[in-house]
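Every read-out reported here was derived from the displayed coordinates using simple, explicitly stated rules and does not represent laboratory data. The structure displayed is predicted, hence computed values, not measured ones. Cβ placement follows ideal geometry from the backbone for every residue including glycine, while neighbour counts extend to all protein chains displayed.
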Amino acid sequence: MLGLFRQSINLIYNNKMFEGFPIKKEVLESDHESREQYEKLKNFALIIIKPMGIEYIQEIIDRLLDHGEIKNLQFLKSTKEQIVQHYSASEFDVKGKKTSYYPALVSYMSKKDIRVFVLEGYNDRADFIKNLRKDVIGPSDPEKTEEGQIRNIAKELEYKKDVLVEGTGETSMAIDNLIHCSDSIESALKEIKIWYNDRVAEKYEKRYSQDKNN
């Protein structure tokens, strides 16, 4: 049954017929021991399929569906403003110093086709994002990934991109490692506000607040 819905994702993806595609609840309930367990799926991370990852989206989604439920899938052409805001929210650590964004990565990712969605997870909050990043997606550097991790796909590709950094006249290198995943649920909330309207953002804010108070 799950395989059927994976085929549906691919069919709809190829025809670009939708802005979001939640996997139906009845399909996923069979993967859980009880309805009570299913209804505790309150964990989530923002996922971005980067430009080079779009060619491998069926394989990437296939792997992610083993760990969560895809919601609010969007086909977007990113703006520079969104990319800057996104990496400012993420606060990358470069050579031991916090930086709001990678200039080369911003130039590379701006005005490109990407896919954005929320992955709602099956594990408890403490483990969901940690396990997703460590075991399923892999390190940021494709050379450090292991077989079976999503970013390992990039290892065999030309993932190093020479880009002209806007406003500098200089060329620098950006890495397209196929996929972004929030590093915490707090980061996910910040990122969701960048990529979605207030209604969607408020839904996840409410879910997070309710979970904290339980």
Quickly work out the D162-to-E147 label distance, labels modelled 7 Å from Cα along the C-beta direction, and quote it in nm with one decimal.
-> 3.3 nm
About its Cα centre, the range 164-214 carries a charge dipole, from +1 on Lys and Arg Cβ atoms and -1 on Asp and Glu Cβ atoms, whose size in debye to the nearest 20 is 400 debye
How would you rank V84, V116, going from fewest to most other Cβ atoms within 10 Å of each one's own Cβ?
-> V84, V116
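Taking a 27 Å limit on the Cα-Cα distance, which of the listed pairs K112/K206; K134/K161; K111/K134; K112/K155; K111/K160; K80/K161 fall beyond it?
K112/K206; K111/K134
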